[in-house]
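Notes to accompany the following structure.
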Amino acid sequence: MNISIPSILLSLGGKCLLNWTLVFLQSNHIRKSFLGVFSLSLAVVDTTLTLFVATLHIYADGYAFLLGMQLTRYHICVLVQILGHVYSALQWPVVVLAGLDHLSAVTQRLQPTTARARWYLCIFVTSFLWYLTAAYVFLLSHFIPVLEDVPHSQIHQCWVSHTSQILQVTVLLLLILGCVTLHAGCSTQLLKNPPLKDQFINQSRHHTRRSVVYQAVHTFLNTWAPFLVFLAMLFLLPVGIPAYLGLNAAWLCFLNSLLISVVLCVVCPASQLAQGLATVPADSFCEWRFKFSLAAEDRT
C-alpha cells in the first residue's frame, strides 16, 4: 500500500502518544514482566523513528545531514519499510517469550529477592531480541526496499507492507482458549464404576477446574470483547494495517491479557493460587480474581 509521508508522520505521532500513555498507566508494574519491558523499548524505538521522519520532512528540499551522510526522503521510506519488517518479525517471538514468562510466573513461586534480577533479565532478553530480529531482517530475510524511480524531492508517499501476524496470533490463541474451555465443559466422564470416594474427588476436581477456566474466560471477555469486535471489523476491511503500526502498546496490552487467560486455563492452578504458591502476572486492564472452593483439593 502507498501512504503519503505526512500520513505516516501523523500516524507515527499518534502511535507514540498511545505507547507512552499506556506505558505510564502501567508504570507501577512495568518492570515485572517481559511484555512490560518490551512495551517500554517499543515506545523508545517508535519515538526515535518519529523524530527522524519529522526531522527529514520539515526540510523543504527534502534532505539533511547526519554524521556527514546526506539523508533524503528516500531514507524515510527505507526506514519505515525496515521497521515494518522488524515489527512483523518480532510478533511471534514476543508471543512465545511472553507466554513462557507468564507460565513461569503462574507455576513457580518467585522470591522477592529475585525482582531486581528479573528486571535485568527482561532488559537483556528484550535487547537481545531486538538485535536478533534486526540481524534477521538485514542478513537472512532478503529484504529489498521498494522505492519510486523519481528524484527525492518528488517523493511524497512511501510503499509499506501490511501486517497479518496480528490476525494469526489472535486466531491461534483464541482457538487454544476455546478448545480448553470446551474441554473443561465436556470432560464429565468418570471411570466406569469407580469407588464412591474416588468418584467424589474426580467430580470436585473437575468442578474446580471448570470454574477457574470459566472465570478466566469471563474476565478476559468482559474487558476485551469490544477490542475483539474492533479487530474483526478492522480485518474485514480491505485496507489492512500498515506493518509499522502493527506492533504497538495497545496490542501488547491485549496480548498480555489474552496470554494470561490462556496460561491460567491451561495450567489451572486453583489450589496454588489460593495458597500463594502461584501469582497472576501483572495486568493493568483485567482484574484476575477467582472464587472457588478448595474442599475437593483438601480431601485429595
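The values are calculated or read from the model by the stated rules, or taken from the named source; none is laboratory data. Model, not experiment: these values are computed from the prediction. For neighbour counting, all protein chains shown are included, and Cβ atoms are generated from backbone atoms with ideal geometry for every residue, glycine included. The protein model used for the area step is the full one, side chains on, heavy atoms only, and it has no ligands, DNA or RNA in it. Shrake-Rupley method; radii C 1.70, N 1.55, O 1.52, S 1.80 Å.
Here is a check on your reading of the model: is residue 90 in contact (Cβ under 8 Å) with a residue 12 or more places away in the chain, of a type outside the set (Ser, Thr, Tyr), within 24 Å of residue 160 (Cα to Cα) and open to solvent by less than 20 Å² (accessible area, probe 1.4 Å)?
Considered against the rule, which asks whether it is in contact (Cβ under 8 Å) with a residue 12 or more places away in the chain, of a type outside the set (Ser, Thr, Tyr), within 24 Å of residue 160 (Cα to Cα) and open to solvent by less than 20 Å² (accessible area, probe 1.4 Å), residue 90 comes out as yes.
Exactly one of (1) modelled with pLDDT under 85; (2) under 30 Å from residue 162 (Cβ atoms); (3) surrounded by 15 or more Cβ atoms within 10 Å (Cβ to Cβ) is unmet by residue 105. Its number?
(2)
For residue 296, which of the numbered conditions (1) at pLDDT 60 or above; (2) surrounded by 18 or more Cβ atoms within 10 Å (Cβ to Cβ) fails to hold?
(1)
Residues in region 225-232: is at least one surrounded by 14 or more Cβ atoms within 10 Å (Cβ to Cβ) and at pLDDT below 85?
For region 225-232, residues surrounded by 14 or more Cβ atoms within 10 Å (Cβ to Cβ) and at pLDDT below 85: absent.
Pairs needed: first member in region 277-300, under 19 Å from residue 209 (Cβ atoms) and outside any loop (DSSP other than H, G, I, E, B); second member anywhere, modelled with pLDDT under 75 and not hydrophobic (A, V, I, L, M, F, W, C); C-beta distance under 6 Å; at least 6 residues apart or different chains.
These pairs meet every condition: 296/204; 296/205; 296/208; 297/271.
Residues in region 42-51 that are surrounded by 18 or more Cβ atoms within 10 Å (Cβ to Cβ) and either without any contact (Cβ under 8 Å) to a residue 60 or more places away in the chain or over 26 Å from residue 280 (Cβ atoms) (or both): how many?
Number satisfying all stated conditions: 3.
Is it the case that residue 39 is small (Gly, Ala, Ser) and crowded, with 16+ Cβ neighbours inside 10 Å?
Considered against the rule, which asks whether it is small (Gly, Ala, Ser) and crowded, with 16+ Cβ neighbours inside 10 Å, residue 39 comes out as yes.
Return the pairs, sorted by first residue and then second, in which the second residue is open to solvent by 70 Å² or more (accessible area, probe 1.4 Å) and not aromatic (Phe, Trp, Tyr), the first residue lies in region 4-31 and is farther than 20 Å from residue 102 by Cβ, the beta carbons are less than 7 Å apart, and the residues are 6+ apart or on different chains.
Here the result reads 4/156; 4/157; 5/156; 5/157, each pair linking region 4-31 to a residue that is open to solvent by 70 Å² or more (accessible area, probe 1.4 Å) and not aromatic (Phe, Trp, Tyr).
Among the residues of region 25-55, count how many are more than 17 Å from the chain's Cα centre (by Cα) and assigned to a helix (DSSP H, G or I).
9
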